[in-house]
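The structure appears below as structure tokens.
The values are calculated or read from the model by the stated rules, or taken from the named source; none is laboratory data. Please read these numbers as outputs of a predicted model, since none were measured by experiment. Using ideal geometry, Cβ is built from the backbone for each residue, glycine included, and neighbour counts are taken over all protein chains shown.
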Amino acid sequence: MKKYDYLVVGAGLFGATFAYEAAKRGKRVKVIEKRDHIAGNIYTKEVDGIQVHQYGAHIFHTSNKEVWDY
């Protein structure tokens, strides 16, 4: 049986970001997600060259440049 430092339930914005940052720091991370894609409710898919919110419109409320650049 594999051992992990973290089990992340859900690959939404927080789960995916946490897993990525933990793995960069050498931690062993297991992510489980019920959907067949990451990004949770902010997931978009391309339709005729346009990114469409799969689960309705979502607004990312921040003007912090460091957050946007991430």
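Return yes when Ala22 is in contact with a strand residue (DSSP E or B) (Cβ under 8 Å, 6 or more places away or on another chain), of a type in the set (A, V, I, L, M) and in a loop (DSSP other than H, G, I, E, B) and no when it is not.
So Ala22 does not fit the description; no.
Check whether at least one residue in segment 12-32 is in contact (Cβ under 8 Å) with a residue 24 or more places away in the chain, at positive phi and touching a helix residue (DSSP H, G or I) at 6+ places or on another chain (Cβ under 9 Å), and report yes or no.
No, that holds for no residue.
A quick yes/no check of all residues on (1) farther than 19 Å from Gly15 by Cβ; (2) small (Gly, Ala, Ser):
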position	(1), (2)
Arg25	no, no
Val29	no, no
His37	no, no
Glu46	yes, no
Ile50	yes, no
Gly56	yes, yes
Phe60	no, no
Ser63	yes, yes
Tyr70	no, no
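Just for segment 1-54: of the residues that are surrounded by 12 or more Cβ atoms within 10 Å (Cβ to Cβ), aliphatic (A, V, I, L, M) and at pLDDT 95 or above, which one is nearest to Val67 (Cα to Cα)?
Restricting to residues being surrounded by 12 or more Cβ atoms within 10 Å (Cβ to Cβ), aliphatic (A, V, I, L, M) and at pLDDT 95 or above, the top hit is Ala16.
Of everything in segment 25-53, what is among the charged types (D, E, K, R) and in a strand (DSSP E or B)? Give them in sequence order.
Matches in segment 25-53: Lys30, Lys45, Glu46.
What about His58, is it at pLDDT below 95 and touching a helix residue (DSSP H, G or I) at 6+ places or on another chain (Cβ under 6 Å)?
Criteria met by His58.
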